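No value in this document is a laboratory result; all are computed from the given coordinates. Here the structure is a predicted model, which is why all the values come from computation and not from measurement. Ideal geometry is used to build each Cβ from the backbone, glycine not excepted, and the neighbour counts take in all protein chains shown.
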Amino acid sequence: FCRLQSFFADTTYEVIRDQELHYENVLFIVFKLVGFYTQVEYHTSKGRIDLVLQTDRFIYVMEFNLDGTAEEALRQIHDKRYALPFASDERKLFKIGVNFSAETRNIEKWVVEE
């Protein structure tokens, strides 16, 4: 996420939109280009996970906020039980809440839970 902060800091303000979807799309493209299996708006019985990234050893369930808090995003992962579809998977699972700031046009904070 530190590298992603540098990436967003180096992105001209004219192309950044004040919408959570903008950041979701950028992360989706970056992760896909790196070669990760990535899904956005992953549908579950309780809602949609903003982004799921899977590798051969790990699963990352990510929820994003714009001008909220990273803790609120992580709480949504818990409240909506977004990790449940991956409960029987043997890979290590990480839950990540991320907050973006419309003012700085960057990642304001992230929290990670195993």
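Can you go through 46, 32, 80, 95 and tell me which one is among the basic types (Lys, Arg), more than 20 Å from residue 9 (Cα to Cα) and touching a His at 6+ places or on another chain (Cβ under 8 Å)?
95
For the structure I just gave you, tell me whether residue 91 is among the charged types (D, E, K, R) and in contact (Cβ under 8 Å) with a residue 24 or more places away in the chain.
Considered against the rule, which asks whether it is among the charged types (D, E, K, R) and in contact (Cβ under 8 Å) with a residue 24 or more places away in the chain, residue 91 comes out as yes.
I'm trying to understand the selection: among the residues of the range 72-114, which are among the β-branched types (Val, Ile, Thr) and in contact with a Gly (Cβ under 7 Å, 6 or more places away or on another chain)?
Answer for the range 72-114, where residues must be among the β-branched types (Val, Ile, Thr) and in contact with a Gly (Cβ under 7 Å, 6 or more places away or on another chain): 77, 111.
Can you tell which of 37, 60, 42 is loosely packed, with under 13 Cβ neighbours inside 10 Å and within 14 Å of residue 89 (Cβ to Cβ)?
Testing whether each residue is loosely packed, with under 13 Cβ neighbours inside 10 Å and within 14 Å of residue 89 (Cβ to Cβ) leaves just 37.
What are the pairs, 6+ residues apart or on separate chains, where a residue within the range 64-85 that is more than 28 Å from residue 105 (Cβ to Cβ) has its Cβ under 6 Å from a residue that is among the hydrophobic types (A, V, I, L, M, F, W, C) and not in a helix (DSSP H, G or I)?
If the second residue must be among the hydrophobic types (A, V, I, L, M, F, W, C) and not in a helix (DSSP H, G or I), the pairs left are 83/61; 83/93.
If I ask for residues that are of a type in the set (A, V, I, L, M, F, W, C), in a loop (DSSP other than H, G, I, E, B) and under 21 Å from residue 28 (Cβ atoms), which ones from the range 61-114 would you list?
Within the range 61-114, 83, 102 meet the criteria.
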